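Student: Can you read through this structure? Questions will come right after.
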């Protein structure tokens with residue numbers, strides 16, 4: 001099993017790790033590379049992986065991270081105000097969101113699809129790579145904490161810019 005404990009900025013990958021978003025946001029996981037080899041990823045707690053990241057195994061091998069194809073909902077509109085309104089409502093629900101020109105993408109959820117359609121936008125379910133926004137401190141690593149609201153509890157991630165602390169690598173929050 002390959003063990004990965006750090007990112008690198010350059011190198012020639014010998015294998016690819018294709019991971020869905022829910023796995024890329026973890027700092028510790030076991031995965032299978034495209035070659036079939038099992039990989040143990042043990043990164044700094046709170047860090048996450050982005051499409052295109054390079055990881056160095058203890059053996060010296062370099063692995064390329066790819067955003068895997070998964071079930072997503074694409075929201076399209078020529079009306080920038082409608083897209084902004086949908087972004088606002090999805091953000092209020094802490095939905096990780098990929099923002100493109102004239103389009104939004106999130107992990108498929110029929111309840112969110114209905115909400116967005118009710119705003120007057122077209123929603124299409126499909127399979128595609130999902131790479132949500134990195135947050136206000138893009139290029140930083142994430143830290144999570146939980147808090148409660150009356151009758152329920154949930155966690156939030158907050159990013160901190162690693163470059164300000166002399167660390168390499170990058171991550172994101174939702």
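Student: If only one of 36, 52 is in a loop (DSSP other than H, G, I, E, B), at pLDDT 95 or above and closer than 21 Å to residue 128 by Cβ, which one is it?
Tutor: Sole residue among the options that is in a loop (DSSP other than H, G, I, E, B), at pLDDT 95 or above and closer than 21 Å to residue 128 by Cβ: 52.
Student: If you scan region 72-121, which residues turn out to be part of a strand (DSSP E or B) and surrounded by fewer than 17 Cβ atoms within 10 Å (Cβ to Cβ)?
Tutor: 76, 99, 100, 103
Student: Which residue, of 46, 60, 52, is at positive phi and surrounded by 16 or more Cβ atoms within 10 Å (Cβ to Cβ)?
Tutor: 46 is the lone residue from the list that is at positive phi and surrounded by 16 or more Cβ atoms within 10 Å (Cβ to Cβ).
Student: Related question: What about residue 72, is it at pLDDT 95 or above and in contact with a strand residue (DSSP E or B) (Cβ under 6 Å, 6 or more places away or on another chain)? If you could, list the steps in order and put the result at the bottom.
Tutor: Working: at pLDDT 95 or above: yes; in contact with a strand residue (DSSP E or B) (Cβ under 6 Å, 6 or more places away or on another chain): yes.
In short, yes.
The values are calculated or read from the model by the stated rules, or taken from the named source; none is laboratory data. Model, not experiment: these values are computed from the prediction. Positions of Cβ are generated from backbone atoms using ideal geometry, with glycine treated the same way; all protein chains shown enter the neighbour counts.
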